[in-house]
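Trainee: Here you go, one structure.
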């Protein structure tokens, strides 16, 4: 099942012996587009306010109750890595610390402008994640600068570079190719038909 990654921000994180905190971010590798860490704000019960939980501890998500359910206890959380141990690229300069150059923050990347080979077409609206392995399968782009009202789901392998300084995502496709041959690039268009409906083009 596909989930909107940024929609899980703010979900209560529940372990086997109670609530552990709240999801404040999710970190992914921009070479594999695999989610790696859940950032959990433990609020006041634990001295280290934010901790990192491996994404494979996430057993299920409950969108009705806004819960992220993990296979951990409070005691195990106390042994988790502090968030400073694996800073995403967008935070490494602030902490004056070199880190993994491919570790990215969902919170930081959503909203980045999207630059195709010939122009800026819009911005990243969402990252869609498959809960079978917590892999990002699609980048959903709001094409407001090119086709207002439309969205396109783009396979992540088309992304060449994420530039956090200028908040840009560079994609190795030009506008004409994406419009004419979306399936060639693993893209799906979500066309705005009217105010009440959309339809998809592969």
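Trainee: Against the condition touching a helix residue (DSSP H, G or I) at 6+ places or on another chain (Cβ under 6 Å), modelled with pLDDT under 90 and not in a helix (DSSP H, G or I), how does residue 35 come out, does it pass?
Mentor: Considered against the rule, which asks whether it is touching a helix residue (DSSP H, G or I) at 6+ places or on another chain (Cβ under 6 Å), modelled with pLDDT under 90 and not in a helix (DSSP H, G or I), residue 35 comes out as no.
Trainee: Give me a count of the residues in the stretch 156-189 that are over 13 Å from residue 116 (Cα atoms) and buried (at least 18 other Cβ atoms within 10 Å of the Cβ).
Mentor: Counting residues in the stretch 156-189 that are over 13 Å from residue 116 (Cα atoms) and buried (at least 18 other Cβ atoms within 10 Å of the Cβ) gives 5.
Trainee: May I pose another question? Just name the residue that is nearest to residue 3 (Cα to Cα) out of those in the stretch 69-97 that are at pLDDT 75 or above and in contact with a helix residue (DSSP H, G or I) (Cβ under 6 Å, 6 or more places away or on another chain).
Mentor: By that ranking, first place goes to 70.
Trainee: Let me ask another. Is it fair to say residue 18 is touching a helix residue (DSSP H, G or I) at 6+ places or on another chain (Cβ under 8 Å), modelled with pLDDT under 95 and surrounded by fewer than 19 Cβ atoms within 10 Å (Cβ to Cβ)?
Mentor: yes
Trainee: Same structure again: List every residue pair whose Cβ atoms lie under 8 Å apart, where the two residues are 6 or more positions apart in sequence or sit on different chains, the first residue falls within the stretch 45-59 and is on the phi > 0 side of the Ramachandran plot, and the second residue, located anywhere, is at pLDDT 90 or above and in a strand (DSSP E or B).
Mentor: Partner pairs satisfying both residue conditions: none exist.
Trainee: Considering only the stretch 100-111, state which residues are buried (at least 18 other Cβ atoms within 10 Å of the Cβ) and in a loop (DSSP other than H, G, I, E, B).
Mentor: Step one: of the stretch 100-111, the residues buried (at least 18 other Cβ atoms within 10 Å of the Cβ) are 103-106, 109-110.
The one that is buried (at least 18 other Cβ atoms within 10 Å of the Cβ) and in a loop (DSSP other than H, G, I, E, B): 110.
Trainee: On the given criteria, is residue 118 under 18 Å from residue 32 (Cα atoms), at pLDDT below 95 and assigned to a loop (DSSP other than H, G, I, E, B)?
Mentor: In short, no.
Trainee: Please verify whether the stretch 98-106 includes one or more residues that are modelled with pLDDT under 65 and touching a helix residue (DSSP H, G or I) at 6+ places or on another chain (Cβ under 8 Å).
Mentor: Among the residues of the stretch 98-106, at least one is modelled with pLDDT under 65 and touching a helix residue (DSSP H, G or I) at 6+ places or on another chain (Cβ under 8 Å), which makes the answer yes.
Trainee: Look at the stretch 129-142 and say how many of its residues are at pLDDT 95 or above and out of contact with any helix residue (DSSP H, G or I) (no Cβ under 7 Å at 6 or more places or on another chain).
Mentor: Number of matching residues: 7.
Trainee: Residue 172 passes all but one of (1) more than 21 Å from residue 4 (Cα to Cα); (2) at pLDDT 95 or above; which number fails?
Mentor: Of everything listed in (1) more than 21 Å from residue 4 (Cα to Cα); (2) at pLDDT 95 or above, residue 172 misses just condition (2).
Trainee: Would it be correct to say that residue 128 is surrounded by fewer than 18 Cβ atoms within 10 Å (Cβ to Cβ) and under 23 Å from residue 8 (Cα atoms)?
Mentor: In short, yes.
Trainee: Still on this structure: Take the residues of the stretch 178-202 that are touching a helix residue (DSSP H, G or I) at 6+ places or on another chain (Cβ under 8 Å) and at pLDDT 85 or above: which is nearest to residue 154 (Cα to Cα)?
Mentor: That would be 187.
Trainee: Look at the stretch 8-20 and say how many of its residues are touching a residue at least 40 places away in the same chain (Cβ under 8 Å) and touching a strand residue (DSSP E or B) at 6+ places or on another chain (Cβ under 8 Å). Working first, answer last.
Mentor: Residues of the stretch 8-20 touching a residue at least 40 places away in the same chain (Cβ under 8 Å): 8-18, 20.
Those left that are additionally touching a strand residue (DSSP E or B) at 6+ places or on another chain (Cβ under 8 Å): 8-15, 20.
The total comes to 9.
Trainee: Would you check if residue 66 is touching a strand residue (DSSP E or B) at 6+ places or on another chain (Cβ under 6 Å) and either in the same structural domain as residue 99 (by TED's automatic domain parsing) or surrounded by fewer than 16 Cβ atoms within 10 Å (Cβ to Cβ) (or both)? Working first, answer last.
Mentor: Values: touching a strand residue (DSSP E or B) at 6+ places or on another chain (Cβ under 6 Å): no; either in the same structural domain as residue 99 (by TED's automatic domain parsing) or surrounded by fewer than 16 Cβ atoms within 10 Å (Cβ to Cβ) (or both): yes.
The answer is no for residue 66.
The values are calculated or read from the model by the stated rules, or taken from the named source; none is laboratory data. In this text, all values refer to a predicted model and were calculated from it rather than measured experimentally. Quick reminder, even Gly has a Cβ in these numbers, built from the backbone with ideal geometry, and neighbours come from all protein chains shown.
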